[in-house]
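Read through the structure below, which is laid out as structure tokens, and then see the notes.
No lab work stands behind these numbers, since they all come straight from the coordinates. Note that this is a predicted model, so its numbers are computed, not measured. Every residue, glycine as well, gets a Cβ built from its backbone with ideal geometry; the counts of neighbours run over all protein chains shown.
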Amino acid sequence: KQIMKFDVEVLRYLSAHEFRVLVAVEMGMKNHEMVPTELIETISGLKHALAYRLIGNLHKHKLLSHESKIYDGYKLTFLGYDFLALKTFVNRGTISGVGRKIGVGKESDIYEVVNENGDSMVLKLHRLGRISFRRVKEKRDYLRHRNNTNWLYFSRLSAMREFAYMQALHDRNFPVPIPHDSNRHCIVMSYVPGYPMCQVRSLRNSPEIYGKLMDLIVQLADHGLIHCDFNEFNIMVSDEDEITMIDFPQMVSIDHKDAEMYFSRDVQCVRTYFEKRYHFVSDEYPTLHEDINVHTHIDRDIEASGYTKEEEDTDDDDASATASEDESSSGESGDDDTESDSKRSIEDCKSEQISLGETDLKSANDLLQTKDESSNVSNVDDPQSVSSLSTQKSSDMSFREIDMRVRKKLREKQRRQRMRTARKRAARNNSRQKLAVDIQGGKPGGW
């Protein structure tokens, strides 16, 4: 129910106050399934009447979802989460326009976007939680030690994982799209000229393409990774028979307990498709134990699924034991420099806050922009003005203290409501008893 049509026309007319409300709801969803309206009002720092009017407007455009079973609360929809990411991309200058939808998958939507120079790029919106792909929580270890979470947070983790893989593979000259930017559950990458292999009816040189695909599977394994979904839907072929690999969230480490099964499945998917579609059969194909020689561990840098900390400690001990023997060798080559730079970029990507409520200050600063002091909203472009997310009165309070105060107000409000209901019920019962006595005594009673 939260996944609706992606219409960016409303984005033009949303004010800075409305984006402030969306950010407040996002922060409140850190520890609330439905964020109370009082908490939204407190975090956003807006007056009561203005906050309620903006919440109603956002709910009308399906950016917020409302529920009032236990208390009056709101939560972000996928469309509202999309708008927060798009606003951040626009403020950063990454994109300036959104075009047509060019693809849809079981866990993402793909759109064509342009930047300020008019260059075409691709925007991928992760949409985990669809009816056809709801067992993703069982099949992937994004949550690790966490037990429960919402699909927005899960989509954010998936996008961060894919952006890290794409950046690491691009730095090592793998045929992948160029990663430009990432925010929340969205990724902006370069536009790949070509077609999915599932739409290509015939190839000019099937043996050559087959060999390239098998070499690509081996190269990934040599770098410590297995694609796990290497099929005709995730392979792009250009008019010049150039191969581009896409879709990386499900990649696992070469040390995964089921690595051999995943590797064999990728190889068999390519063999089966070439036999059915292009009538090409080859008895030459790689195997995990015979053709793989791991020399670079991207899985270690990104902490891919299946790679454990104990294995890293063992590898570090082996490396330290052989380090003394290699001190007299020559300096590091250019490839080592490239790998170290890529590792630093991956660590920078991993250092981003992944909690749904812990919005990074840069995103908040990009979203919550104001014109002057008369708008009753503080300027957040300055990193020192982080307290603009709350009123001046509550600027010194922590998020936990604000939450406790709001909960206390809610309990007090519910208690007063129960007391009023009890008084009304008692008054109604007394009037009925009095009426029954008057009727038995022959008096007209209340008539």
At R0 = 51 Å, FRET efficiency that the Cβ-Cβ distance of Tyr71 and Arg100 yields, to 0.05: 0.80
Amide H of Asp181 versus every other amide H placed in the peptide plane: which residues, excluding those fewer than 5 positions away on the same chain, fall under 5 Å? Val188
For region 242-251, just list the computed ³J(HN,Hα) in residue order, Karplus coefficients 6.51, -1.76 and 1.60, θ = phi - 60°, integers in Hz, with x standing in for Gly and Pro. 8, 9, 10, 9, 10, 6, 10, x, 8, 5
Pulled fully out, how much extra length does the chain show between Ser15 and Ala422, if you take 0.36 nm times their separation in residues and subtract their Cα-Cα distance? 142.2 nm
Less than 17 Å from a label point 7 Å out along the Cα-to-Cβ axis of Glu401: which backbone N atoms in region 41-59 qualify, by residue? 42-45
Let me check I've understood the local charge: for Asp291, count other residues with C-beta under 12 angstrom from its C-beta, Lys and Arg +1, Asp and Glu -1. What total comes out? -4
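Rounded to the nearest 0.05, what FRET efficiency do Arg432 and Lys60 have when you use their Cβ-Cβ distance and R0 = 41 Å? Don't skip to the answer; put the middle values down first.
Values: r = 43 Å, r/R0 = 1.05.
That pair, Arg432 with Lys60, gives E of 0.40.
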Just to confirm a number: summing +1 for Lys and Arg and -1 for Asp and Glu over residues other than Ile55 whose beta-carbon lies under 14 angstrom from that of Ile55, what do you get? 0
Which ³J(HN,Hα) values, rounded to whole Hz and listed in residue order, are derived for region 22-38 from phi using the Karplus coefficients 6.51, -1.76 and 1.60 in 6.51 cos²θ - 1.76 cosθ + 1.60 with θ = phi - 60°, glycine and proline given as x? 4, 5, 5, 5, 4, 5, x, 6, 4, 9, 9, 6, 10, 7, x, 5, 5
Past 24 Å, Cα to Cα, is the threshold; run Lys60/Lys409; Lys47/Lys408; Lys212/Lys257; Lys75/Lys413; Lys60/Lys87 against it and keep the listed order. Lys60/Lys409; Lys212/Lys257
Using θ = phi - 60° and the Karplus curve 6.51 cos²θ - 1.76 cosθ + 1.60, what whole-Hz ³J(HN,Hα) does each residue of region 159-167 get, with Gly and Pro shown as x? 5, 5, 5, 5, 5, 5, 4, 4, 5
Calculated FRET efficiency, Lys409 and Tyr191, Cβ-Cβ r, R0 45 Å, to nearest 0.05? 0.35
